[in-house]
Every structure is written in C-alpha cells, then in structure tokens.
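What follows is a single structure, written as structure tokens, with notes after it.
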Amino acid sequence: MTLFDSPAFEGHEGVHAFSDEKSGLKCIIAVHSTARGPAAGGCRMWPYASSEEALVDALRLSRAMSYKNAMADLELGGGKSVIIGDSRTQKTAALFEAFGRAVEDVGGKYWTAEDVGVSPTDLMHARKHTRYVAGLEGHEAASGDPSPVTAEGVFRGVQLCVRRAMKRDLDGVRVAIQGVGHVGEYLARKLHAAGAKLILTDVNAEALRRVAAETDAQIVAPSAIFDADADVFAPCALGGAVSLDTLPRLRAKIIAGAANNQLAGPDAGRELFNRGILYAPDYVINGGGIINVAGEIRALELGEAFDPAWVDQKLDRLALTLEEVLEQALRERRPTHEVANEIARSRIVGAAEKRVAA
Ligand code: NAD
C-alpha cells in the first residue's frame, strides 16, 4: 500500500508514527481533521498482524471520528491512535508513558481517550507527559463511564424512530436487543421503563439472564435474534450485524442501536432502504459517548468541573440532528446513512472554509 493514494487516507491532515525502543511502543496517531477543533478519538491497543493493518485501522477510525464529532455538533475534529500490541500481555506503565509523550509531540492537535484494550489506568500513565488525555478517573473534570450517556442517546433515537415510522410511543413496542453489555443493559432498562416489550440475546449467558429478569424480557439464542418478532432491532454488540445475509431475516421496520459499524457494507445500507426499513445511522445515534468525553475535554480546557447539563443539552441537539437526517432522507427518497455522511462532510468542509476565511 502507498500512503497517499490509499482510499483510507483520503482527507487526512496528518499521520504520525512513533516508536520507542525502550518500552516497545509502536503507535500511529491519525489526525483526519482539525477544522472543527482539535481531533478527538480514543486509543486502541490491538495485536495487528502488520503495521499496514494498524495504519488502515487508524485511518478508517479517525475519519469516522470526524464524522461522529461533527454530527454530535462538537467543536472537535476527528483523530484516532492505535498501539500495536496485545493488551492482555504487553501492557506496561512505560509503554503508556511513551504513548503520552507521542500524544504531546502532536502538539495539542489530538486528544486521546479510551478505546478497545485501553483503560483509565493506562491513560493515567500517559497523562504524566501530556495534558491531552480524557477518560481519566478521580478528578473533578472526569466524565466517568460513557455507556449510560450513549444509552440515553440511543433511547431517544429509538423513541424518535418509533414516533416517525409507527406514529406511537414506546409503550408495547417490541424491541430486539443484540448484546446486553455496558450500553445494551442501560438501554434495556430505559426501554422497559417506557413500556417496551424486550427480546434479548447475548453470548454471555449470565449477563443475559440477569438483564432479562430485571426487564421482564424474552431470551433468544444469539443466532435467533435476527428472526425475532420485533418492531425495532437494536444492535448493541459488535459491528457488521446488518448484512445481506441477516437483512432478509429481519422482521423489524426500524434498526436503531449503539453498535459501531452496523452495516456490513454499503450494499446493506442500500438494501435496507429498498426494503423500507428505517435505519438510524450508527455514528449519529450512538454519539452520546463522545459527547460525554467532549464534556470532560471542555471541563479540562476551562479548568472547571464536569457539567452534566452541558452534556444533556448536546444530547437534545443530537436528537434534532438525527431527526434532520431522517427528514432529509424521506424528502429526497435516499438511504439515511448516505444523507448522514453528506451532512457530516458538509459540516467539516464548512468549518474548514470558515477557518481559511478567518
Ligand atoms: P460491551 O462489550 O460492554 O457489550 C457488548 C455485548 O455484546 C457483550 O455483553 C457481549 O457479550 C455481547 N456480544 C458479543 N458478541 C455477541 C453476539 N454475536 N451476539 C450477541 N451478543 C454478543 O460493549 P459496549 O460498551 O456495551 O458497546 C456496545 C457497542 O456499542 C459496541 O459496538 C461499541 O463500539 C458501541 N459503542 C459503545 C459506546 C459506549 O459508550 N460504550 C459508545 C459508542 C458506541
């Protein structure tokens, strides 16, 4: 692969590769856009098979963060970092201290936070060498676990989709949730409280039994969730749940959930549209988590305490943005994910043009 003509590179402002022989750090920090503000996105530690694989992941994820942050109406651009290594066996304090120095070298253009394989403790080590770290614990700006906020955003999104597609509130609406982990559990509780009838699955049988008992839900096997007799399908596990294989099995008229990268490919997005299923684009409806992190960055920058009211007002705005996407898609008879991408790009380009003009 050559860097500049890789499809994943498109639009990136900068890509930084760092290595530190002493700690064994090998990391890539990708900055897709700073047009709306400093690039923000978590750090992922993963045993990539090659540096090329790590690079493509960093590029893909950082662009996705630009889109997500723009749709959440945050004054943040998009970036992401990846550390090559096995988080179960190769984590050391020195490794994350070296990572902190790498983040500092990018000079404030990139704010890091947790992602797969990286914990608040790891970030504490990074923080010794840079202030551009969110997702910490034990200080007054700390934002804590983003999952309840993500779940609240998804809950509001499900409510909106049901109102638009079914002209009713959530009472009695049947929702199939795939995955009752951090976000799925909170979502299940909120939907249950609103009167929805739940069908749940998870590969973790114990968590599944517990959440189902608390929410009076029906349990189905992981492979059976696609056949559930539901009005709404809420993917809250891994990516790729909506594919050309699973779509013909879905009975739901609405897909709205927390998982990232729900569409297995662009064909799945088109097929959803052809089947008349209302899809809440994943990176719009699940923006609550990054809003929570942005609340911490804001508090750190202002030297103030974390402000939940600021987060709540951004969640209200997120619901309006989702409505704008659904409305435009309906008016123009186009798939919702295509409309969302277009709005995200125009928000980023608009900010870049303003910056040049200033
Ligand atoms: P999690 O790991 O806590 O929960 C995922 C759950 O899915 C687990 O309980 C797991 O056992 C289950 N699962 C895995 N494979 C499954 C399968 N094949 N069938 C059924 N269940 C399966 O993760 P989370 O933090 O709840 O995040 C869920 C999704 O939402 C992820 O895609 C994540 O990227 C996305 N997301 C999370 C946040 C957040 O604030 N945590 C924010 C934005 C997006």
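One line per residue, one yes/no per condition, for (1) out of contact with any His (no Cβ under 9 Å at 6 or more places or on another chain); (2) outside the structural domain of residue 85 (by TED's automatic domain parsing); (3) closer than 21 Å to residue 86 by Cβ:
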| residue | (1), (2), (3) |
| --- | --- |
| 22 | yes, no, yes |
| 33 | no, no, no |
| 40 | yes, no, no |
| 51 | yes, no, yes |
| 54 | yes, no, yes |
| 65 | no, yes, no |
| 69 | yes, yes, no |
| 73 | yes, yes, no |
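Could we say that residue 248 is of a type outside the set (Ser, Thr, Tyr), within 9 Å of the ligand (Cβ to nearest atom) and either within 19 Å of residue 276 (Cβ to Cβ) or in contact with a His (Cβ under 7 Å, 6 or more places away or on another chain) (or both) here?
Details: of a type outside the set (Ser, Thr, Tyr): yes; within 9 Å of the ligand (Cβ to nearest atom): no; either within 19 Å of residue 276 (Cβ to Cβ) or in contact with a His (Cβ under 7 Å, 6 or more places away or on another chain) (or both): yes.
It is false that residue 248 is of a type outside the set (Ser, Thr, Tyr), within 9 Å of the ligand (Cβ to nearest atom) and either within 19 Å of residue 276 (Cβ to Cβ) or in contact with a His (Cβ under 7 Å, 6 or more places away or on another chain) (or both).
Residue 303: surrounded by fewer than 24 Cβ atoms within 10 Å (Cβ to Cβ) and within 30 Å of residue 123 (Cβ to Cβ), yes or no? Considered against the rule, which asks whether it is surrounded by fewer than 24 Cβ atoms within 10 Å (Cβ to Cβ) and within 30 Å of residue 123 (Cβ to Cβ), residue 303 comes out as yes.
Which members of region 177-214 meet the condition of being acidic (Asp, Glu) and within 23 Å of residue 262 (Cα to Cα)? Steps first, answer last, please.
To start, the set of residues in region 177-214 that are acidic (Asp, Glu) comprises 185, 202, 206, 214.
Within region 177-214, 185, 202 meet the criteria.
Could you tell me whether region 263-275 includes any residue that is outside any helix (DSSP H, G or I), within 16 Å of the ligand (Cβ to nearest atom) and more than 17 Å from the chain's Cα centre (by Cα)? Break it down stepwise before answering.
Of the residues in region 263-275, the ones outside any helix (DSSP H, G or I) are 263-265, 275.
Checking the rest, the ones that are also within 16 Å of the ligand (Cβ to nearest atom) come to 263-264.
If we keep only those that are more than 17 Å from the chain's Cα centre (by Cα) too, we end up with none.
So far as region 263-275 goes, no, none of its residues is outside any helix (DSSP H, G or I), within 16 Å of the ligand (Cβ to nearest atom) and more than 17 Å from the chain's Cα centre (by Cα).
Suppose we filter 216, 231, 227, 171 for residues that are farther than 20 Å from residue 289 by Cα, within 14 Å of the ligand (Cβ to nearest atom) and at pLDDT 95 or above; which single one remains? Testing whether each residue is farther than 20 Å from residue 289 by Cα, within 14 Å of the ligand (Cβ to nearest atom) and at pLDDT 95 or above leaves just 227. In the condition set (1) within 20 Å of the chain's Cα centre (by Cα); (2) assigned by TED's automatic domain parsing to the domain that holds residue 226; (3) more than 14 Å from the ligand (Cβ to nearest atom), residue 155 is compliant with all but (3). Residues that are hydrophobic (A, V, I, L, M, F, W, C), buried (at least 16 other Cβ atoms within 10 Å of the Cβ) and within 15 Å of the ligand (Cβ to nearest atom) within region 192-213 comprise 198, 199, 200, 207, 208, 211, 212, listed in sequence order.
The values are calculated or read from the model by the stated rules, or taken from the named source; none is laboratory data. Just so it is clear, the structure is predicted and the values come from calculations on it, not from any experiment. Using ideal geometry, Cβ is built from the backbone for each residue, glycine included, and neighbour counts are taken over all protein chains shown.
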